[in-house]
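*Asks:* Quick one: the structure is below, questions incoming.
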Amino acid sequence: MATQPLHPRLCAASPPPIFLPRASASRRSWVPPLRRGPPNRKMIHGRSLNDRFLGNKDYAALVKAVIVNEEPDIAFQLVNELKSKGFKPGCDVLSGLMLCYAKNGFFMQAQALWGEIINSSFEPRIEVIWDLMKAYAQMGQFDEITRIVHETTLRNFGFGPEVYTMAVSCFGKAGQLRLMEEAVKEMVSRGFKVNSVSGNAYVKYYSIYGSMEDMEAAYERLKKSRILIEKGAIRAMASAYINQRQFYKFGEFLRDVGLGRRNVGNLLWNLLLLSYAANFKMKSLQREFLGMLDAGFSPDISTFNIRALAYSRMSMFWDLHLSIQHMRYKRVIPDLVTYGCIVDAFLERRLARNISFELRKLDVEATPIMLTDPLVFEVFGKGDFHSSSEALLKSTRQRDWTYSKLLAIYLKKQYRRNQIFWNY
């Protein structure tokens, strides 16, 4: 029987056969090629007993090789032609083709394949459903996500709560708070328990897209469910309080969460220090820092930089000096923010000659690093030396930067700026 070409775009002057390796080759690591192979390989010409047939894994690999290139039209024709040769696509092949369609915006075809999978004896993997939901969410097809949730839960695949959790995350990430709320209510009405992932996602996305009242109401609901708020939701609520400049309520929220929690203890203490440093309440800042030490928590780079930024902006040189000494004692490695606090503080008071005195206690020949929590910059912004050095690090290909080199360039730029000012 003559071999038919797999696809018109893949054929040359004559129909290309499907090649298999010799019997000595390992079939597990082999991916069937789409082009004509060397003449020493066996070919499949039909269904005779002397011919070798593609296994299900090989067949799936052949289709996936086309799907990887995101060419759904070629993959679909390939599947149809292989079906005509007697091959039966498995769940992996149909799932891969369905995801390829969904990611490329062919929603009708993706829906048809989803219907074929869900109405057959196949059981889709939870990872496939998650990828499909994300693809629909990126394209704004939220009704399809709701349909997927309903159809999977009706068939009792055993992962109903997980599907609802994924739907809550998809709706929330897209800012669809109404759909997220409906998904949570429907989840509870079906007898599924709201888990930590769903509850924290609920609070997180209300913090990002909702009002302050909605966020606090979501947090109260989380507490009533006896679910602990986790790091992602804490950071989202912290960002909301910072953007609204509600630092008193911010501190009350952190105390309500519990400063003694070991899994997020440093984050909570750092944010509490940040709430005082934002308004430059220096005595309260020092008191809470000592409370952090008494509670058994060890300060990290963000802890020290929050204090250093406050001291730098207030030109409190002695306190800044003691904070750097304490950092060295605790063996905490300084980063670009630490150096920036020193440089900006001394230059602000036109004490550039004293910079070397403070920096000699640090390793100025070290490679610049950035370890400070980004939430700190939402309060203080980035200092002049920090911003200038960061732009320089990103704009050049030089990889052997040190703090001393960055400082030399920055001081030279400041000197030129002053010269231009006085010339005018």
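Computed from the coordinates by the stated procedures, all read-outs in this text should not be read as laboratory data. What you see is a predicted model, and the numbers here were worked out from it, not measured in a lab. Neighbour counts run over all protein chains shown; Cβ positions are idealised from the backbone, glycine included.
*Asks:* Report the relative contact order of the stretch 299-424, percent, no decimals, based on alpha-carbon pairs under 8 angstrom and at least 6 residues apart.
*Replies:* Details: 96 pairs, mean separation 33.2, N = 126.
That works out to 26 percent.
*Asks:* How far apart, in nanometres, would the label points at residue 280 and residue 85 be if each is projected 7 angstrom from Cα along the Cα-to-Cβ direction?
*Replies:* 7.7 nm
*Asks:* Continuing with the same structure: Run down the lysines and flag those whose C-alpha is under 23 Å from the C-alpha of residue 185, throwing out any fewer than 8 positions away in its chain.
*Replies:* Qualifying lysines at Cα under 23 Å: 134, 173, 193, 204, 223, 224.
*Asks:* Let me ask something else about it. With 5 Å bins from zero, work out the P(r) of the stretch 289-410 over every alpha carbon pair and list the percent per bin.
*Replies:* 2, 11, 22, 25, 21, 12, 5, 2, 1, 0
*Asks:* Next question. What percentages make up the Cα-Cα pair-distance distribution of the stretch 224-333 when the bins are 10 Å wide from 0?
*Replies:* 14, 47, 31, 7, 1
*Asks:* Right, next: Based on the mean of other beta carbon atoms within 10 Å per residue, what is the order of 172-182, 256-266, most packed first?
*Replies:* Per-residue mean Cβ counts within 10 Å order the peptides as 172-182, 256-266.
*Asks:* Ok, one more. How far apart, in nanometres, would the label points at residue 214 and residue 186 be if each is projected 7 angstrom from Cα along the Cα-to-Cβ direction?
*Replies:* A separation of 1.9 nm, rounded to one decimal place.
*Asks:* Shifting gears a bit: Ordered by packing density, taken as the mean number of other Cβ atoms within 10 Å over each peptide's residues, highest first, how do 216-228, 134-146 rank?
*Replies:* In descending order of packing, they fall as 134-146, 216-228.
*Asks:* Efficiency by 1/(1 + (r/R0)^6): what FRET value for residue 371 and residue 244, r their Cβ-Cβ distance, R0 = 35 Å, to the nearest 0.05?
*Replies:* Computed FRET efficiency for residue 371 and residue 244 comes out at 0.80.
*Asks:* Further question on the same structure: Explain nothing, just the number: dipole magnitude of the stretch 299-424 about its Cα centre with +1 on each Lys and Arg Cβ and -1 on each Asp and Glu Cβ, in debye rounded to the nearest 20.
*Replies:* Here the stretch 299-424 has a charge dipole of around 460 debye.
*Asks:* Sorting check: for 326-337, 94-105, which peptide has the highest mean count of neighbouring beta carbons within 10 Å, and how do the rest follow?
*Replies:* 94-105, 326-337
*Asks:* Kindly write out, for the stretch 194-211 in residue order, the coupling ³J(HN,Hα) from the Karplus curve 6.51 cos²θ - 1.76 cosθ + 1.60 (θ = phi - 60°), rounded to whole Hz, with x marking Gly and Pro.
*Replies:* 6, 8, 5, 5, 5, x, 6, 5, 4, 5, 4, 7, 5, 5, 7, 10, x, 7
*Asks:* What is the gain in length, in nm to one decimal, between residue 150 and residue 353 on full extension, counting 0.36 nm per residue of separation less the C-alpha to C-alpha distance?
*Replies:* On the way: separation 203, 0.36 × 203 = 73.08 nm, distance 6.97 nm.
Stretched fully, the residue 150-residue 353 segment lengthens by 66.1 nm.
*Asks:* May I ask you to list the chymotrypsin sites (Phe, Trp or Tyr not before Pro) in the stretch 254-305 that are in a DSSP loop and have at most 16 other Cβ atoms within 10 Å of their Cβ?
*Replies:* Details: sites: 269, 276, 280, 289, 297, 304; in loops: 280, 297.
Counting only loop positions with at most 16 other Cβ atoms within 10 Å, the chymotrypsin sites (Phe, Trp or Tyr not before Pro) in the stretch 254-305 are 280.
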